[in-house]
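These notes are about the structure you will find just below.
The values are calculated or read from the model by the stated rules, or taken from the named source; none is laboratory data. Note that the structure is predicted; figures quoted are calculated from it, not measured. Counting neighbours? That spans all protein chains shown, and the Cβs are built from the backbone with ideal geometry, glycine included.
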Amino acid sequence: MLEFINEETVWLKLQNESGPILLYGMGNGADMIIERLNEFGIEYNDVFASDEFVRGHSFHGKKVLKYSEAEEKYGRFTALMTFAVKDNATIEKVWQMSRKHNFYSLTVPVAGEGLFTREFVEENEEKFDRVYSMLADDKSRQTYINLINFKISGKLDYLLPCFSEKSEVYTNILKLGEKEIIADLGAYNGDTVEEFLSFTNGKAEKIVALEPDRKNFAKLERNTSHLHFVEAKNCAAYKENTFLNFKKSAGRQSKISDDGEKIQAITVDSLTDEKITLLKMDIEGSELDAIKGAENTIKAHKPKLYICAYHRNEDMFSIPLAINEIRPDYKFYFRQHKYIPAWESNFYCV
């Protein structure tokens with residue numbers, strides 16, 4: 001598979017960058033990027049944001065420039081995108097910016113250690129090769145190669161062409177019906193429940209929705225209270241029934257951690273006596289543990305699987321290989337949905 005990997009590691013390339021380097025965006029994402037730049041001894045010159053968002057901000061002691069001010073000051077520069085986006089208007093704006101400047105969207109894992117580099121791919125070449133050979137269609141294989149090249153290089157030229165619509169997945173791969181029994185792990189505020197039902201005429205036999213974050217769970221309960229077939233549980237999915245530390249964060253990024261408040265964690269195998277027909281996991285890096293806790297369910301019932309593969313560097317091979325070990329008769333599809341950076345990279349298994 002390495003013959004398809006055309007790029008060098010962006011972090012090493014930035015070490016040799018002679019022109020100005022600017023951060024595009026502020027906040028937690030920028031903090032994570034700065035930490036990694038420091039590790040590589042890479043200095044950045046300034047911070048900028050879209051003109052309409054700049055209101056006299058400063059970040060890490062630097063005045064935040066408007067994009068127009070950054071162009072006036074530096075002309076052509078290297079821009080490092082530090083935030084996530086999925087709306088069409090901003091994606092188009094970012095794409096146009098990338099045509100004028102050296103532009104990189106850097107991948108820093110949500111969970112785990114290290115970075116997704118060419119060296120990481122070479123070290124795990126045999127595992128990547130195995131997964132590539134398991135993929136069921138040309139679109140999955142091309143998307144897989146594109147995503148690897150994007151994560152290594154940070155270049156949008158690889159990411160944007162492989163965006164897929166969720167409707168294609170639900171209609172052609174998962175083929176949801178009105179009698180589904182769904183386990184929604186990482187249900188957040190009920191958005192995926194709504195998404196499922198938009199493809200089942202608003203019907204389901206049962207949906208068990210797990211959300212460990214208390215604030216998100218309150219929204220989940222409120223947003224699904226009118227659906228008699230939804231059972232919401234304020235707990236995490238894990239490899240065993242236990243209690244775990246849970247670190248709260250803004251939005252979806254709350255996760256199991258070494259510190260935080262104690263929460264209940266349960267296995268999928270103990271979730272329900274009914275035959276689960278669709279098992280969805282978006283649980284911030286705990287997917288592999290949850291798969292271990294779903295081994296009996298997967299082995300006995302072979303539910304359709306929708307599993308996120310972008311929280312840890314190794315997710316792109318460890319998740320499908322773990323599933324294949326339990327049931328080698330699954331067909332594996334890989335899709336990237338609209339997001340910069342490459343969030344919403346998912347394996348769909350049937």
Go through (1) among the hydroxyl-bearing types (Ser, Thr, Tyr); (2) more than 15 Å from residue 333 (Cβ to Cβ); (3) under 17 Å from the mean Cα position of the chain (by Cα) and name the single condition residue 98 misses.
(3)
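Test residue 92 against the criterion of being modelled with pLDDT of 95 or more and among the charged types (D, E, K, R), and give yes or no. Quick ask: steps written out before the conclusion?
Numbers: modelled with pLDDT of 95 or more: yes; among the charged types (D, E, K, R): yes.
Yes; evaluated as a whole, the condition is true for this residue.
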Going by the conditions given, is residue 5 surrounded by fewer than 18 Cβ atoms within 10 Å (Cβ to Cβ) and either closer than 18 Å to residue 109 by Cβ or hydrophobic (A, V, I, L, M, F, W, C) (or both)?
yes
Exactly one condition in (1) without any contact (Cβ under 8 Å) to a residue 12 or more places away in the chain; (2) surrounded by 18 or more Cβ atoms within 10 Å (Cβ to Cβ) is not met by residue 37; state its number.
(1)
Which of the following residues is among the polar types (S, T, N, Q), touching a strand residue (DSSP E or B) at 6+ places or on another chain (Cβ under 9 Å) and closer than 30 Å to residue 112 by Cα: 146, 216?
146
Based on what the data block shows, is residue 89 closer than 20 Å to residue 155 by Cα and among the small types (Gly, Ala, Ser)?
yes
Being more than 17 Å from residue 147 (Cβ to Cβ) and either in contact with a helix residue (DSSP H, G or I) (Cβ under 6 Å, 6 or more places away or on another chain) or at pLDDT 95 or above (or both) is the filter here; which residues of segment 95-113 pass it?
95, 96, 97, 98, 99, 100, 101, 102, 103
So residue 152, is it within 19 Å of residue 337 (Cβ to Cβ) and at pLDDT 95 or above
no
Tell me which helices (runs of 4 or more DSSP H) are completely within segment 110-226 and hold 1 or more residues being surrounded by fewer than 19 Cβ atoms within 10 Å (Cβ to Cβ) and outside the structural domain of residue 236 (by TED's automatic domain parsing), or say none if there are none.
118-123, 125-134, 138-153, 156-159
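Which one is surrounded by the fewest Cβ atoms within 10 Å (Cβ to Cβ), of the residues in segment 46-69 that are of a type in the set (Val, Ile, Thr) and either modelled with pLDDT of 95 or more or not assigned by TED's automatic domain parsing to the domain that holds residue 30 (or both)?
Per the criteria, the residue is 64.
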